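Everything below concerns the one structure shown next.
No lab work stands behind these numbers, since they all come straight from the coordinates. The shown structure was predicted, so the numbers you read here are calculated from the model rather than taken from an experiment. Every residue, glycine as well, gets a Cβ built from its backbone with ideal geometry; the counts of neighbours run over all protein chains shown.
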């Protein structure tokens with residue numbers, strides 16, 4: 001067995017209606033004045049008003065910060081820091097998708113430790129404690145509520161910065177499947193595929209452990225079994241709960257093992273074209289799985305068996321086809337050309353992909369030449 005060092009930092013509260021406990025949970029971590037971080041789309045659902053009422057019923061004053069967008073950048077984080085500093089908050093509650101959760105963690109970094117977001121790129125750069133925090137995901141996708149990383153874009157280059165520290169992990173994650181029911185189908189599909197990619201990539205990285213393997217397998221089973229169901233019957237709470245729990249378990253796997261070349265190739269697409277992360281992943285992951293197949297085909301075969309597939313001679317190809325089928329069911333983009341990329345863009349994309357930290361954990365050595373070959377396959 002590979003050695004590992006696992007510290008569960010986050011209490012997980014799961015179940016339909018679990019949002020109703022956010023007040024007691026916030027009070028329990030010492031919160032009296034909370035910054036509630038939620039993007040404008042979540043505000044429009046009414047969930048924010050509900051959360052504020054629940055918090056105030058538990059004697060926790062809540063102050064909304066919503067001046068950020070998808071793929072939050074360092075400037076947006078700084079706006080949140082200034083607002084939190086002015087209000088004198090003692091805690092943070094994040095409500096929304098990965099953007100809300102990552103923005104909240106980013107605000108927490110610079111509010112408590114000073115400086116700017118780029119100072120925390122990498123891991124373990126926070127020298128002082130962060131404020132206690134709660135993560136309430138409304139999408140089954142990133143698993144950010146299970147991780148100690150904030151993914152924040154550089155304001156000028158739009159390059160994604162992974163900023164991690166053990167102290168950045170949420171003290172509590174509230175997983176309420178009722179919050180995911182109102183998602184548009186396109187968002188459900190993109191987020192769900194992203195979660196699936198986390199299970200696939202974390203299962204084969206060079207950093208994987210027996211512990212991360214267990215979480216990745218459990219996540220894969222739940223996600224693949226229920227992905228089509230939540231798209232065809234969106235109000236099925238059992239399926240929604242399975243997707244939400246699967247996304248969380250995949251997030252735990254990432255925390256132990258990291259990701260690989262699919263994410264390294266997807267991030268430059270978001271930076272250059274504004275592509276939704278899950279869509280970029282859907283374009284790249286099948287090609288990465290085929291490319292990795294010669295190295296970790298036995299691992300891919302295990303995933304296929306978990307999902308009830310009879311494994312053939314080429315597990316990498318078979319898993320790639322399975323992933324392509326799921327992407328088609330979700331109506332997700334299939335090629336780089338569909339994203340608006342030109343062949344002349346591929347060289348710059350490959351150079352950027354080679355600099356992404358996740359690529360260093362891919363089971364097969366990954367560099368600019370490998371990235372270019374993968375982009376060429378995805379362009380067809």
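Overview of values
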quantity	calculated
Pairwise Cα inverse-distance average, inverted: Kirkwood Rh of the chain (Å)	20.5 Å
Global geometry of segment 268-380, whether rounded, prolate or oblate, following the gyration tensor of its Cα atoms and the 1.5 cut on a/c	oblate
Share, in percent, of DSSP beta bridges within segment 11-180 that are antiparallel, nearest 5	20 percent
With Cα atoms, 0 to 90° folded angle of helix 74-87 axis to the chain main axis	20 degrees
Highest to lowest packing among 86-97, 116-127, scored as the average C-beta count within 10 Å	86-97, 116-127
In degrees, nearest ten, helix 237-257 long axis to first principal axis of the chain (Cα)	80 degrees
For q = 0.09, 0.10, 0.12 Å⁻¹, Debye-computed log10 I/I(0) when each Cα of segment 11-180 counts as one equal scatterer	-0.24, -0.30, -0.44
For segment 19-86: Kirkwood Rh in Å [reciprocal of mean 1/r, alpha carbons]	12.5 Å
Highest average packing first - 38-46, 17-25, 263-271, Cβ atoms within 10 Å	263-271, 17-25, 38-46
Along each principal axis, Cα extent of segment 185-379, largest first, Å	45, 34, 32
Burial order of peptide ranges 57-70, 101-114 (average beta-carbon count within 10 Å, highest first)	101-114, 57-70
Residue-span extension gain [residue 49 to residue 377] - 0.36 nm each, minus C-alpha spacing	113.5 nm
The chain: calculated mean residue ellipticity at 222 nm from DSSP helix runs of at least 4, using -39500 (n - 2.57)	-17000 deg cm²/dmol
Per-selection Rg to Rh, segment 92-228 - Cα, Kirkwood hydrodynamic radius	0.98
